[in-house]
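Everything below concerns the one structure shown next.
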Amino acid sequence: MTVAYHKKPVLWDVDYDAPANKLIAIVGPNGAGKSTFIKSCLGLIPKASGLVEFWGQPYRKVRSRIGYVPQRESVDWDFPVSALDVVCMGRYRRIGWCRPVTRKHKVAALDCLELVGMRDFANRQISQLSGGQQQRVFLARALAQQAELYFMDEPFAGVDAATERAIIQVLRELKNSGKTVIVVHHDLQSVPEYFDEVILLNMRVVASGPVGEVFTETNLHKTYGGRLTLLSEAAEAIARTESGV
Amino acid sequence: MYFDLALDLFPLLAAALAAVCCGLLGNFLLLRKQSMMGDAISHSVLPGLVIAFLIASTRSPLVMLVGATIAGVVTVVLVEFVKRFGKVEPGAAMGVVFSILFALGVLLIEKAAVRHVDLDAECVLHGQLETLVWYSAPATISGLWSVETLDAIPRQIITLTIILILAIGFVSLLFKELRLASFDPALATTLGFNSTLLHYLLMIFVAAATVASFEAVGSILVIAMLICPGATARLLTDRLRTQIVLSVLIALFTAVGGYFSATIIPGWFGRDTVNAAGSITVFSGLVLSLTIIISPSHGILSRMIRRIRLSSRVALDDLLATMYRAQEQAQAEMSASDISDAILRSKPQPLLNRAVKRALIQRHRGMYSLTEKGQCAARSIVRRHRLWEHYLVDQAGLAPDHVHETAERLEHLPPVPPAGPQTDPQGKVIPDDPQVP
């Protein structure tokens, strides 16, 4: 799979086959294309070439089996909804078009809030929550989707210690119940502790596989040791020719 | 005579319908931070109207609506296009698109020999509410029930009613989807609710509501109604459903209030009535301004009251703490001037009176001392202060001579540092918690 923004490739020939029932971290420097990778898997960004399949099927056939936690900054937290409203959004696909959110779904959403320790905040307007609490609401919303595979974009970014513990506990419970979670992660230190598999990404996959095998100093150096100058130049050149400048 | 069926009924009805229609849809533009899109659409439908007229040679409402809706969608597409490829910010993209399209509409009217029909740019601005006269109106309101023919109802009102019913249906059927797509478009799309599609559906409704409204009330009122009722309602609630219901009520209120302001108030000064659309617009602005000031949760006034309350509590806390510390130095009574020096207040009397009134301190021959109740309160404040000092030195690693100022602020806040230490960094005794005997 190759992904391009405005004709400028930001991810080259990513080839990865995620093993089931694992916690998988995507790590790499800023601008390496981590979020882009997730978004293009979910069809939010068109890919220039390549194929993404889930259980051998295209994304739109398996939507309901895949959950997504966007970056916290991607939404307006002044929006007039309660934490419970946000979590209920995770169940909208189950509820379907034009049908109201029933009591049954609200109860399910409350259970998800309970799992992340946020039940007491269900009726708070979301701007009254701290950053970590907002992140947990997002996590609860993903749980409400009851998916089998989750994509999470930087769930640990800027959260307090309590939230970090709550999130990692939820991730482990998900794994224990047979789910797969792919997480964009920025804290290299905690990778071996939290994750089973790792994808080292910097415009292309530098290495991928079990943390014990892949998470080595040499590979990290390759990932973080600056961009590949030639690849960046080629991307710029492609952008120029394709846009006709 | 404040209400004349023949003169007032239809204009009032048209204004109310337009206000409610725009107010309802405006909520979602506000949430998407795209209120100016309503402004853009209300101007750029003009070439759509003219072209539709040129093609079909009729001003039938359906033709006009189709033309306007197409123009509305074209506007949205063009704005996206300019934003992406022109690399300009969204507001500028809307500004450039609508001004060019509006100018194009004006040029078309001028040059395409359609001037003789009344499609003029003037009435696009302030509408023509006053022309909706009911010539065959019954003399009294009770006479309304015996009106048999609906032919007299102006087509603007019929169009607005239909659009309003459709808009209410749209918002109530797709409430959940619109909320999701406005809050988190990416999630909406991954869940299979195409947020782009919903966005365009909304814009089609905005375009239709805009064109149906502005023929009657003009584009200025349309823009105000797309923004003011929703913005006012947002200040009064933190729930979207309540916000929408409130915005509709506010739109209705401003339409009626503004209309009667236009017909009645000038009369008090012996003047003729003023333009109703203009008056409603001003009225909606006044309602919004008033709400900004007095809204219970978000208003300026309530914020001010909260600040005054807090500062008066802080002053009281400081007074009690000062007297407690003096007492520790074996000075059980203080004169007003001692207190004034200690708390750095030139006029301590109102504060002292307040404390006396609350039975926190007592006055005896011009000297003040803490009462039993005041002792308790003072102890708990000094305790918090010294616990904070200890915490700041012990846990946060600050220098002991730096923590007093910080603790002075923290002591007034709800969190209390962990109990345990007996003395603060300066070696002063930390008093016991008065609540625990």
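Exactly one residue among A:101, A:116 is open to solvent by 10 Å² or more (accessible area, probe 1.4 Å), among the β-branched types (Val, Ile, Thr), at negative phi and at pLDDT below 95, and that residue is A:101.
If you scan the stretch A:63-86, which residues turn out to be surrounded by fewer than 17 Cβ atoms within 10 Å (Cβ to Cβ) and within 11 Å of chain B (Cβ to nearest Cβ)? Within the stretch A:63-86, A:64, A:74, A:76, A:78 meet the criteria.
Inspection of the stretch A:166-176 identifies no residue that is surrounded by 21 or more Cβ atoms within 10 Å (Cβ to Cβ), at negative phi and not aliphatic (A, V, I, L, M).
Of the residues A:89, A:152, the single one that is within 13 Å of chain B (Cβ to nearest Cβ), under 22 Å from residue A:178 (Cα atoms) and crowded, with 24+ Cβ neighbours inside 10 Å is A:152. Restricting attention to the stretch B:6-23, which residues are open to solvent by 10 Å² or more (accessible area, probe 1.4 Å) and either in contact with a strand residue (DSSP E or B) (Cβ under 8 Å, 6 or more places away or on another chain) or under 19 Å from residue B:236 (Cβ atoms) (or both)? B:20, the sole residue that qualifies. Beta carbons closer than 6 Å, at least 6 apart along the sequence or on distinct chains, pair a first residue in the stretch A:39-68 that is under 16 Å from residue B:188 (Cα atoms) with a second that is among the polar types (S, T, N, Q) for A:42/B:190; A:67/A:145; A:68/B:190.
Please go through the stretch B:44-66 and give me each residue that is touching a residue at least 24 places away in the same chain (Cβ under 8 Å), under 16 Å from residue B:159 (Cα atoms) and part of a helix (DSSP H, G or I), ordered by number.
B:49, B:61, B:64, B:65 - these are the residues of the stretch B:44-66 that are touching a residue at least 24 places away in the same chain (Cβ under 8 Å), under 16 Å from residue B:159 (Cα atoms) and part of a helix (DSSP H, G or I).
Being over 18 Å from the mean Cα position of the chain (by Cα), closer than 29 Å to residue B:233 by Cα, at the interface with another protein chain (Cβ under 9 Å from one of its Cβ atoms) and of a type in the set (D, E, K, R) is a property that does not hold for residue A:120. Please go through the stretch B:226-252 and give me each residue that is away from chain A (no Cβ under 14 Å) and open to solvent by 10 Å² or more (accessible area, probe 1.4 Å), ordered by number. Listed by number, the residues that qualify are B:227, B:228, B:248, B:249, B:250, B:252. I'd like to know if the stretch A:22-43 contains one or more residues that are within 30 Å of residue B:27 (Cα to Cα), in contact with an Asp or Glu (Cβ under 7 Å, 6 or more places away or on another chain) and either open to solvent by 50 Å² or more (accessible area, probe 1.4 Å) or within 14 Å of another protein chain (Cβ to nearest Cβ) (or both). No, because not a single residue in the stretch A:22-43 is within 30 Å of residue B:27 (Cα to Cα), in contact with an Asp or Glu (Cβ under 7 Å, 6 or more places away or on another chain) and either open to solvent by 50 Å² or more (accessible area, probe 1.4 Å) or within 14 Å of another protein chain (Cβ to nearest Cβ) (or both). Within the stretch B:88-138, the set of residues being outside any helix (DSSP H, G or I) and at pLDDT 70 or above comprises B:88, B:89, B:112, B:127, B:128, B:132, B:133, B:134, B:135, B:136, B:137, B:138. Within the stretch A:92-102, the set of residues being in contact (Cβ under 8 Å) with a residue 12 or more places away in the chain and either touching a strand residue (DSSP E or B) at 6+ places or on another chain (Cβ under 6 Å) or at the interface with another protein chain (Cβ under 7 Å from one of its Cβ atoms) (or both) comprises A:93, A:101.
The values are calculated or read from the model by the stated rules, or taken from the named source; none is laboratory data. The structure presented is a predicted model; accordingly, all values stated were derived computationally and were not measured. Please note: Cβ atoms are built from the backbone with ideal geometry, for glycine as well, and neighbour counts cover all protein chains shown. When the accessible area is computed, the model is the full protein with side chains, heavy atoms only, and any ligands, DNA or RNA have been set aside. Shrake-Rupley method; radii C 1.70, N 1.55, O 1.52, S 1.80 Å.
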